[in-house]
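Report on the following structure.
The values are calculated or read from the model by the stated rules, or taken from the named source; none is laboratory data. Quick caveat, the model's predicted, so the values are computed rather than measured. Here Cβ is always computed from backbone atoms with ideal geometry, including for glycine, and neighbour counts include all displayed protein chains.
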Amino acid sequence: MTFLYPNVLYALILPALLAAAAWWLWRRRSRKWEVLVSPEYRRELVHAPATWHRVLPVIFAVLASIFAILSIARPVDGYTEVKEIPKSRNILIAIDCSRSMLSKDASPTRLGRAKTAAYDLLDALPGDNFGIIIFSGDAVLLMPLTHDHNALKETIEQLQFGWVSQGGTNLENVVRLALQTFKRDKEADAKNALVILSDGEDTVNITYKTAEAARQHQLIIVTAGIGTTIGTTIPDEQSPSGLYRDRRGQHVVSKLNPESLQYLARQTEGQYVQLSDGAALNHFVKDIADRLDTTEGKEEVRRVPNDRYIIFAVPALICLLLTLLAGTRWRSFRRSGRRGMASLTAAALFCAGLLGQEAQADTHALDNVTDLIRTGKTEEAVKSIDEMLAVPDLAEETRQALEFAKGCLEQKADNPKEAAEAFSQALLSPKPALQADSHFNLGNLEAAQARKTMTFSRPEGEQQQARPSSIDDQIKEIDARLAKIPVAKKHVKEAVKRFDDALSAYGSHEGAASNKEEMLRYDKSLDEYRRQLEKLKKKLEEEKKKQQDQNKDQNKDQNKDQNKDQNKDQNKDQNKDQ
């Protein structure tokens, strides 16, 4: 296997530089939290990402770069020879090299504008054969019909005034030479094209006979007028004044003379265009080229490389995808109870990052708070933070960061009211990250309150009882639960709002989106739970009514039996008396 572009392989140094830069940045990244956490406690307190989470994206990125560079170098496995018979059209470009073409009413000169137009033609029709004719009073075939556009461009670039000795502009000689050229190349019976780039100045009158010969041989002529009808003087380096003079010593003013050019194009069903108007010559020539006949060239054998870049392009794409996947943090739902010491440490580290920027930072007090958090002395840690908050000239950013840390501690101590107050104060921070974290924790507090609302407990004497014995008690319990569902849904709604606020403040906030989805699912489960309770209540009420009806029937039967017994006893007593 070889590479078509081996110089590209020098770029393999870039992945090595990328790996070195990643390692250097990882070693030199800012660690402001070191002000707060002593080295012996870092392993216990600091929740750092797994090593693979940091290393794998870099490894995959380096591999993707290597495979991409190898693919761009275009690896090939040998060549396949393909035989082709090229089909192309024949076009001759005739460029006026007379003295008047040195005039500067076209940019940079008329001759320079003609060269540019010729370049455009070659680029517009890359698959066709072109030849070059230069003319003044006489016409010369400078380059025969060829498919080598690079050679044509090099020849055009070297053109200059004086290559044709005879003065004037004789278009008849150009047409005759074009017809002879196509006849010599055995293309006289095919439709061919001649493009004339000239100012038409000092033109020898074209005869009808010449134009008719061109039409009979199906030669389509496109003429391009270069210059302006107002005209300008002609430069002359040998003249003291720098301008060309005639025999009488008068400055010669050269003008565009389009009549002969228009006549020649009209007689051969071609097209005339004035380049000084900004018209694109290649547009007109393309339209004419569609009317030309194609000719078959000699059979050519072309070597086509057997590309194998795909064996590197596919691994490059796979490694790129793995880079994105390995660098993604897959977030799960984090309730307040799950954050634990990691959240508190993160909050304290955040505070340390802010406090480290203030001249009034009390490093000893921060170390004290860290030690209290580590040992689980939450109340004392809160008191230490309150003492720091009591400092009158404490910076606002520092105060808000400390309020956030206090909120995390109160949240851990299951003091939702105090935690909510602290997080509300932290919301005053101008930092989007701190605002988002505060909204997130307030949402977690509301979520915890919603779940707590729907938690039911029984007195100690009833713990072993699966459910109340009477229907009335069961209905009362259902009513109590139904009454709590709107309260829980209110907390859910507030939690969702807080999570939305967190995402608005910091779009990539960790956990806010997943917690919001969890709360929305919980809200739906509350609706389903309410429907089940209402259905059960209705069933119990029907059962209660049925029991009441049965009791009424039993009472009636008992009354009837009692009346019968009383009547019998009375009759017996009467019979005895008699």
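Residue-wise test of (1) at positive phi; (2) modelled with pLDDT under 90; (3) out of contact with any Asp or Glu (no Cβ under 9 Å at 6 or more places or on another chain); (4) surrounded by 16 or more Cβ atoms within 10 Å (Cβ to Cβ).
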site	(1), (2), (3), (4)
ASP199	no, yes, no, yes
ASN205	no, yes, no, no
LEU219	no, no, yes, yes
THR229	no, yes, yes, no
SER239	no, yes, yes, no
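Looking only at residues that are among the charged types (D, E, K, R) and in a loop (DSSP other than H, G, I, E, B) in the range 114-161, which one is surrounded by the fewest Cβ atoms within 10 Å (Cβ to Cβ)?
The qualifying residue surrounded by the fewest Cβ atoms within 10 Å (Cβ to Cβ) is ASP148.
Tell me the residue from ALA22, ALA48 that is modelled with pLDDT under 85 and in a helix (DSSP H, G or I), please. Let's see the steps before the verdict.
Details: ALA48 fails: in a helix (DSSP H, G or I).
So the residue among ALA22, ALA48 that is modelled with pLDDT under 85 and in a helix (DSSP H, G or I) is ALA22.
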- Only one residue in LEU428, LEU402, LEU445 is under 21 Å from HIS491 (Cβ atoms), of a type in the set (A, V, I, L, M, F, W, C) and surrounded by 14 or more Cβ atoms within 10 Å (Cβ to Cβ), so which one is that? LEU445
- Message: Name the single residue that is nearest to ARG399 (Cα to Cα) among those in the range 424-438 being part of a loop (DSSP other than H, G, I, E, B) and at pLDDT below 85.
- Response: SER429
- Item | Tally, over the range 83-113, of residues that are assigned to a loop (DSSP other than H, G, I, E, B), of a type in the set (D, E, K, R) and within 18 Å of ALA178 (Cα to Cα) | 1
- Item | Members of the range 241-260 found to be surrounded by fewer than 18 Cβ atoms within 10 Å (Cβ to Cβ) and under 16 Å from LEU275 (Cα atoms), listed by number | LYS255, GLU259
- Give the range 412-430 a look and list any residue that's more than 19 Å from ASP501 (Cα to Cα) and of a type in the set (Gly, Ala, Ser), or say none. ALA413
- Task: Count, please, the residues in the range 501-536 that happen to be within 30 Å of ALA483 (Cβ to Cβ) and among the polar types (S, T, N, Q).
- Result: 3
- Message: Criterion first (buried (at least 21 other Cβ atoms within 10 Å of the Cβ), in contact with a Ser or Thr (Cβ under 7 Å, 6 or more places away or on another chain), of a type in the set (A, V, I, L, M, F, W, C) and over 30 Å from CYS319 (Cβ atoms)) does LEU111 satisfy it?
- Response: no
- Query: In the range 217-261, what count of residues is obtained for those that are touching a Gly at 6+ places or on another chain (Cβ under 8 Å), without any contact (Cβ under 8 Å) to a residue 60 or more places away in the chain and either of a type in the set (S, T, N, Q) or not in a loop (DSSP other than H, G, I, E, B) (or both)?
  - Reply: 6
- Report yes if some residue within the range 76-89 is crowded, with 22+ Cβ neighbours inside 10 Å and modelled with pLDDT under 90; otherwise report no. yes
